[in-house]
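Structure first, then comments.
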Amino acid sequence: MKDPRIWGLKKSPWVYHVAAASCNNCDIEILELLTPRYDVERFGVVLVGSPRHADALLVTGVLNRKSLPRVLEVYEQTPKPCLVIGIGTCTCGKQIFRNSYNAVGPYDKHLPIHALVPGCPPKPEAMILGVVKALSKL
Ligand code: SF4
């Protein structure tokens, strides 16, 4: 029998945005997804205001010593199964801040990552593709 939560997650993933330490460009591109031009709500993707209501986390920015505990706390608060999608080159581990004194390494060292979307910032179309790829892993 199908797990109703997985079925619901695939049909209408509710997303919470976590800005770890981004420069805000990726965050602005995520908001672009909600504008009438891309209108991801027609696919059932809804941006929610609390991780407790989310099925997926969109993480942006560099993980550093200050942001890591906050990101892990948000992940703990999100009901499982929870998809984690890294948005932007900063989440891929090859960004310009990788040798910074307080960078703590790539996301997949600390969290289960289901999809990474490269780009600085990535286009909204690439983010939609990243969400679809992550959903296909369920
Ligand atoms: S990937 Fe680029 S645009 Fe996105 S947060 Fe990092 S530096 Fe900014």
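The values are calculated or read from the model by the stated rules, or taken from the named source; none is laboratory data. Keep in mind it's a predicted model, so treat the numbers as computed, not measured. In this analysis, Cβ positions are derived from the backbone assuming ideal geometry, glycine residues included, and neighbour counts consider all displayed protein chains.
Some points to look at:
- Filter pass, G61 being under 17 Å from A134 (Cβ atoms), within 14 Å of the ligand (Cβ to nearest atom) and under 12 Å from the mean Cα position of the chain (by Cα): no
- For the range 101-131, the set of residues classified as small (G, A, S), over 12 Å from the mean Cα position of the chain (by Cα) and more than 9 Å from the ligand (Cβ to nearest atom) consists of A103, G105, A126, listed by residue number.
- Scanning the range 85-100 for residues that are at pLDDT below 85 and either crowded, with 17+ Cβ neighbours inside 10 Å or under 10 Å from the mean Cα position of the chain (by Cα) (or both) gives G93, Q95.
- For the range 1-28, a residue qualifies if it is part of a helix (DSSP H, G or I) and either in contact with a helix residue (DSSP H, G or I) (Cβ under 6 Å, 6 or more places away or on another chain) or at positive phi (or both), and exactly one does: K10.
- All of (1) within 16 Å of the ligand (Cβ to nearest atom); (2) surrounded by 14 or more Cβ atoms within 10 Å (Cβ to Cβ); (3) more than 20 Å from P112 (Cβ to Cβ) hold for K66 with one exception: (2).
- Given (1) more than 12 Å from the ligand (Cβ to nearest atom); (2) under 20 Å from V117 (Cα atoms), number of the condition E73 does not satisfy: (2)
- Residues satisfying the stated conditions in the range 38-48, i.e. in a helix (DSSP H, G or I) and under 23 Å from C90 (Cβ atoms): V40
- Inside the range 1-38, residues that are crowded, with 16+ Cβ neighbours inside 10 Å and in contact with a Leu (Cβ under 7 Å, 6 or more places away or on another chain) make up a count of 8.
- Filter result for T35 (under 22 Å from A126 (Cβ atoms), assigned to a loop (DSSP other than H, G, I, E, B) and either out of contact with any His (no Cβ under 6 Å at 6 or more places or on another chain) or modelled with pLDDT under 90 (or both)): yes
- Filtered residues of the range 76-97 (kept if more than 14 Å from the ligand (Cβ to nearest atom) and polar (S, T, N, Q)): Q77, T78
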